[in-house]
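Down below is the structure, laid out as structure tokens.
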Amino acid sequence: MFSLLAVVVPLGIAAAVTPTLIALQLLVVAGSVRWRSRSLAVVVANAVAFGIVIALVTFGLAKLPDAGTGGGGGIDAAIRIGAGVVLGLSSIWFFLPHPAMAERVRESLESRQAHASIWVFFALAFYFGITDLSSFIVLLPALHDITASAIAIEEKAVVWAVVLFLALQATMLPPLVRLAGGQRVVPGLKRSYGWVMRNQFPIVGVVCAVVGVFLLVTGIVRLG
């Protein structure tokens, strides 16, 4: 189980880098209006969205011929190489400037900050989570490693839960920082929100490029 964790944990961490969800949660926790209930709604929505997709993908991967065999082989390599190529090509688009799209996202978030109910924030977080294709592509090889592993089902469940937990850190960490630091960390949270909003596309581009190269190389190695 620990060997499997060592392989999938980096991908779980990379999947957490979702700028729209990070920005939404930073905006919420840096505010003064019901930030606790709103941030909880964001975390729950993120967990529901990611949980649904990850569960469905895991169920599908468990039907592959290599499920429970210990991994390796052509299917394993194909998934890694395919995900690596898709992420690498996607990074090109994310590195291109998208000022109009970035501004629409910023306006959509900030226009709701003062008066929206917690259900609006739940809906936004769920939408951002369920449509986060780049994170799900990053997680695909990790989930396949879990289903292909020959360890006991109980241990697979633990690893699966760890991966999901790591992928949710985009929305879990900001409220923990606010709770631990109190009002004095709010200026820093606001600056962080501004930086994430200004760099949301390059951030995803870097993650896609780095993880794409990693998956492509490891896929080729496993193919050999």
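Quick notes on this structure:
- Of all residues in the range 156-173, none are touching an Asp or Glu at 6+ places or on another chain (Cβ under 8 Å), aliphatic (A, V, I, L, M) and at pLDDT below 95.
- Scanning the range 165-183 for any residue that is over 17 Å from residue 38 (Cα atoms) and in contact with a Gly (Cβ under 6 Å, 6 or more places away or on another chain) turns up at least one such residue.
- The residues of the range 2-39 that are crowded, with 24+ Cβ neighbours inside 10 Å, of a type in the set (Ser, Thr, Tyr) and within 14 Å of the chain's Cα centre (by Cα) amount to a single one, 18.
- The criterion of at least 1 residues that are under 20 Å from residue 96 (Cα atoms) and open to solvent by 50 Å² or more (accessible area, probe 1.4 Å) is met by the following helices (runs of 4 or more DSSP H) wholly inside the range 136-216: 186-198.
- Extreme residue, nearest to the chain's Cα centre (by Cα), among residues of the range 189-223 that are of a type in the set (Val, Ile, Thr) and closer than 18 Å to residue 26 by Cα: 204
- The range 101-135: number of residues that are under 22 Å from residue 83 (Cα atoms), touching a residue at least 24 places away in the same chain (Cβ under 8 Å) and either of a type outside the set (Ser, Thr, Tyr) or open to solvent by 20 Å² or more (accessible area, probe 1.4 Å) (or both): 5
- Within the range 186-224, restricting attention to residues that are of a type in the set (Lys, Arg) and out of contact with any Lys or Arg (no Cβ under 8 Å at 6 or more places or on another chain), the residue that is modelled with the lowest pLDDT is 198.
- Residue that is most open to solvent (accessible area, probe 1.4 Å), among those in the range 62-100 that are closer than 30 Å to residue 41 by Cα and free of Cβ contacts under 8 Å to residues at least 12 places away in the same chain: 99
The values are calculated or read from the model by the stated rules, or taken from the named source; none is laboratory data. What you see is a predicted model; the values in this text were computed from it and never measured. Ideal geometry is used to build each Cβ from the backbone, glycine not excepted, and the neighbour counts take in all protein chains shown. Keep in mind that these areas ignore ligands, DNA and RNA; they rest on the heavy atoms of the full protein, side chains included. Shrake-Rupley method; radii C 1.70, N 1.55, O 1.52, S 1.80 Å.
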